[in-house]
Amino acid sequence: MNEEDIFKLIGYVIASQYRTNIIKCIGNDIKIPSVIAEEVGLRTNHVSNVLNQLKEEGIVVCLNEEARKGRLYKNTDLGIEILKYI
C-alpha cells in the first residue's frame, strides 16, 4: 500500500471519533467488543458496527469469525501504522 492510500485511510479513521477511539482502545492488544464498548463508553452493538466498517477497510481483523459471542479483534499491521499518525 502506498503512502497516498495510507493517508486516505488515516482521514477515514479520524473523520469519526468512534473509529479513532476504537482503534486506539485496541492498540496492540486483542479485545472483544463488550470490553471495547465499556472502555470507550459506547453500546456494544455500535462498537460491533464500527468494527465491521474497520474490518472492511483492512484496519482490524476478527481472529475467530465463526464465534457468535466473544469475537476477538486486533489491529492489522495497517491499523498499527494508522495509530502512529493519530
Check: Where the accessible area of the chain is counted over protein heavy atoms with a 1.4 Å probe, how much of it, in %, is carbon and sulfur?
Finding: 46
Check: Heavy-atom accessible area per residue, the chain, 1.4 Å probe: how many Å²?
Finding: 61
Note to self: Defining a contact as two alpha carbons under 8 Å apart and six or more residues distant in sequence, what relative contact order in percent does the chain show?
What the structure shows: 34
Next item on the list: Mind checking which of I26, N45, L72 is farthest towards the positive end of the chain's charge dipole, using Cβ charges of +1 (Lys, Arg) and -1 (Asp, Glu) about the Cα centre?
Entry: N45
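What ranking do 78-85, 38-45 get when scored by the average of other Cβ atoms within 10 Å per residue, highest first?
Values: 78-85: 16.4, 38-45: 13.0.
The peptides rank, most packed first, as 78-85, 38-45.
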Item checked: Hydrodynamic radius of the chain per Kirkwood, over alpha carbon pairs, in Å -> 12.7
Notebook entry, point to check: Is the shape of the range 12-51 rounded, prolate or oblate, going by the alpha carbon gyration tensor and its root eigenvalues a ≥ b ≥ c, with a/c under 1.5 for rounded and a/b larger than b/c for prolate?
Noted result: oblate
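The values are calculated or read from the model by the stated rules, or taken from the named source; none is laboratory data. Computed from a predicted structure; not experimentally measured. So basically every Cβ, Gly included, is an ideal-geometry build from the backbone, and we count neighbours across all protein chains shown. With ligands, DNA and RNA removed, areas are computed over all heavy atoms of the protein, side chains included. Shrake-Rupley method; radii C 1.70, N 1.55, O 1.52, S 1.80 Å.
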